[in-house]
Amino acid sequence: MRYGEVAETSWAWVLNQIRWDDDGPWIPESADGAKPDEYINGIHSGIGGLAHVLAEIRLVRAWTSAEHDLADAIGDRIRTAIPATSATTFFDGLVSSIGVLTALDQPGTSACLERLRALQTADGWPESFLDEPRYEPGAVANDVTLGTGAVLLGALWALRHGVEAGDLADGAADLLLAEREVVPAGLNWQFVSRRFRSDEPTEMPNFSHGLAGIVAVLALAGADLGRAELVDAAQRGAEHLVTLGTTDDRGFRVPRVIPWAARHGDEYTYNWCHGGAGTALAFSALEYAGVPAIAGESPWRWRRRCLDSVRYSGIPERLHPGFWDNDGRCCGTAGVGDAFLDAWLRDGEKTDLEFAVRMADALVGNAYPDGYWRFVEHKNEDPLLPPGVGWMQGAAGISAYLFRLQRAVDGDQRAVDRMDNWWVSAARPRPS
């Protein structure tokens, strides 16, 4: 079966999971699941993520009338919710909504930005998940998915779509700079700064919740806002980042958690959120910003090492219990495949396309006939998890990757730019 056929089967299965309420369409986190209590509109596992699939489908074929209606209904639901939305994150908040509405070419980004301005405190944007006893009242995160970095990323994305957000971008960048830690090798950022914590923090230094993501967004902001001090901070953060990992003939890889303990599982993973597929984005952003070198070597070289760590890791094979039990976009095979397609478009390396095809072959092999996937939690008595529906951890995101891969192998090199990847294709030419 061709990749596009599996993608269409999977997308049809996703459409069958859609439910409706007075506010419009919604999806359960997993098949036949309950209506979510929160984050129902976000891209991670909510209805908003389907906008990114629709954007991918638009490069494959014309939308059906039902897909047009769905796109309109998603946009209506997102816009209606903006005035009451207090979450700000890339995954599930107002930044997510910016990504959804721009993917659908619908209005509403300005309203998201106004709401972000209204919610800002002197320290940034507090979130409900930071209410644990270890966090001080008013605590904010710094990272690129849940924290100040996410707001900066959303503001930069709005600017790229012609919406005035320079004040918000500058303000978020200033807040991030204020939370930096000076360390021997350069600069560091905690997920939540020490001044807001009562414990000694563990670090997740890769893209989703840590240093690599903050490096990326600061480099992008420095380039797009014309602020050299942000590029310098990003460079100094990268100088520290490369001291946290291992560099050898298998590439460059950074631990998932520092300090690592056996209870954390494998010390290294290779996905978008906590592995080389995502960490490579930081070095793409440094290329985009024109940074010549990190620790004496080009950002291009560090980016390729990140990708090499993924290539030589053994994925997509499940080498032992707990290793590579996920086919999704955030934490598994689809996200890796998408990163390698981006690299292929950026560098023209045939081996990147070949690896992307290998990821797609694994996805096709793991697909159930109805068009869904079941990830594994090896510690459970029944290790197979329910089929996920949405963008980051479900069939929607996987189907989008397979749609894209089918186009690529058919010779169509167009890509859907998203808030979390556009700078890869915009990065400057590879150094000689």
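Against the conditions (1) at pLDDT 95 or above; (2) open to solvent by 20 Å² or more (accessible area, probe 1.4 Å), Met1 satisfies every one except (1).
Residues in the stretch 127-150 that are farther than 20 Å from Asp224 by Cβ, touching a strand residue (DSSP E or B) at 6+ places or on another chain (Cβ under 9 Å) and not in a helix (DSSP H, G or I): 7 in all.
Screening Pro126 with (1) closer than 23 Å to Ser198 by Cβ; (2) out of contact with any Ser or Thr (no Cβ under 7 Å at 6 or more places or on another chain); (3) surrounded by fewer than 14 Cβ atoms within 10 Å (Cβ to Cβ) gives one miss only, at (3). Among all positions in the stretch 159-180, there is at least one residue which is under 19 Å from Leu244 (Cα atoms) and either in contact with a Ser or Thr (Cβ under 8 Å, 6 or more places away or on another chain) or in a loop (DSSP other than H, G, I, E, B) (or both). Looking at the stretch 160-180, is at least one residue open to solvent by 40 Å² or more (accessible area, probe 1.4 Å), touching a residue at least 60 places away in the same chain (Cβ under 8 Å) and in contact with a Gly (Cβ under 6 Å, 6 or more places away or on another chain)? Checked against the condition, which is being open to solvent by 40 Å² or more (accessible area, probe 1.4 Å), touching a residue at least 60 places away in the same chain (Cβ under 8 Å) and in contact with a Gly (Cβ under 6 Å, 6 or more places away or on another chain), the stretch 160-180 yields no hits at all. Number of residues in the stretch 285-344 that are at pLDDT below 95 and in a strand (DSSP E or B) equals 0. Take Ala66 and decide whether it is among the aliphatic types (A, V, I, L, M), part of a helix (DSSP H, G or I), over 23 Å from the mean Cα position of the chain (by Cα) and farther than 27 Å from Met359 by Cα. It is true that Ala66 is among the aliphatic types (A, V, I, L, M), part of a helix (DSSP H, G or I), over 23 Å from the mean Cα position of the chain (by Cα) and farther than 27 Å from Met359 by Cα. The residue that is least open to solvent (accessible area, probe 1.4 Å), among those in the stretch 257-267 that are in a loop (DSSP other than H, G, I, E, B) and in contact (Cβ under 8 Å) with a residue 40 or more places away in the chain, is Val257. When the stretch 115-125 is filtered for residues that are closer than 12 Å to Thr88 by Cα and either out of contact with any strand residue (DSSP E or B) (no Cβ under 9 Å at 6 or more places or on another chain) or touching a residue at least 40 places away in the same chain (Cβ under 8 Å) (or both), the ones remaining, listed by number, are Arg115, Leu116, Arg117, Ala118, Leu119, Gln120, Gly124. Based on what the data block shows, is Val310 in contact (Cβ under 8 Å) with a residue 12 or more places away in the chain and closer than 30 Å to Glu381 by Cβ? In short, no. Quick check: anything in the stretch 246-264 of a type in the set (S, T, N, Q), in contact with a helix residue (DSSP H, G or I) (Cβ under 8 Å, 6 or more places away or on another chain) and more than 14 Å from Gly213 (Cα to Cα)? Yes, some residue in the stretch 246-264 is of a type in the set (S, T, N, Q), in contact with a helix residue (DSSP H, G or I) (Cβ under 8 Å, 6 or more places away or on another chain) and more than 14 Å from Gly213 (Cα to Cα).
Criterion first (modelled with pLDDT of 95 or more, charged (D, E, K, R), in a helix (DSSP H, G or I) and touching a strand residue (DSSP E or B) at 6+ places or on another chain (Cβ under 7 Å)) does Asp72 satisfy it? So Asp72 fails the test. The residues in the stretch 213-256 that are open to solvent by 20 Å² or more (accessible area, probe 1.4 Å) and either closer than 25 Å to Val163 by Cβ or under 20 Å from the mean Cα position of the chain (by Cα) (or both) can be counted, and the count is 10.
When Ala12, Ala55, Ala51 are screened for being under 30 Å from Arg414 (Cβ atoms), among the small types (Gly, Ala, Ser), out of contact with any Gly (no Cβ under 9 Å at 6 or more places or on another chain) and open to solvent by less than 80 Å² (accessible area, probe 1.4 Å), only Ala55 passes. Is it the case that the stretch 30-49 has a residue that's over 30 Å from Asp170 (Cβ atoms) and assigned to a helix (DSSP H, G or I)? Yes, because at least one residue in the stretch 30-49 is over 30 Å from Asp170 (Cβ atoms) and assigned to a helix (DSSP H, G or I).
Matching residues to (1) at pLDDT 95 or above; (2) out of contact with any strand residue (DSSP E or B) (no Cβ under 7 Å at 6 or more places or on another chain); (3) under 20 Å from Glu287 (Cβ atoms):
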| residue | (1), (2), (3) |
| --- | --- |
| Leu152 | yes, yes, yes |
| Leu156 | yes, yes, yes |
| Ala173 | yes, yes, yes |
| Val183 | yes, yes, no |
| Ala221 | yes, yes, yes |
| Glu229 | yes, yes, yes |
| Arg236 | yes, no, yes |
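Cβ separations smaller than 7 Å between residues 6+ apart or across chains give the following pairs from the stretch 291-305 residues that are touching a residue at least 24 places away in the same chain (Cβ under 8 Å) to residues that are among the polar types (S, T, N, Q) and open to solvent by 20 Å² or more (accessible area, probe 1.4 Å): Val291/Gln235; Ile294/Gln235; Arg305/Thr247. When we screen Ile78, Ile82 for residues that are more than 21 Å from the chain's Cα centre (by Cα), open to solvent by less than 70 Å² (accessible area, probe 1.4 Å) and free of Cβ contacts under 8 Å to residues at least 40 places away in the same chain, the only hit is Ile82. Of all the listed residues (Asp370, Asp325), the sole one being touching a Phe, Trp or Tyr at 6+ places or on another chain (Cβ under 9 Å), of a type in the set (D, E, K, R), open to solvent by 50 Å² or more (accessible area, probe 1.4 Å) and farther than 20 Å from His52 by Cα is Asp370.
The values are calculated or read from the model by the stated rules, or taken from the named source; none is laboratory data. Just so it is clear, the model here is predicted, and its values are computed rather than measured. Quick reminder, even Gly has a Cβ in these numbers, built from the backbone with ideal geometry, and neighbours come from all protein chains shown. In case anyone asks, the SASA skips ligands and DNA or RNA and just uses the protein heavy atoms, side chains included. Shrake-Rupley method; radii C 1.70, N 1.55, O 1.52, S 1.80 Å.
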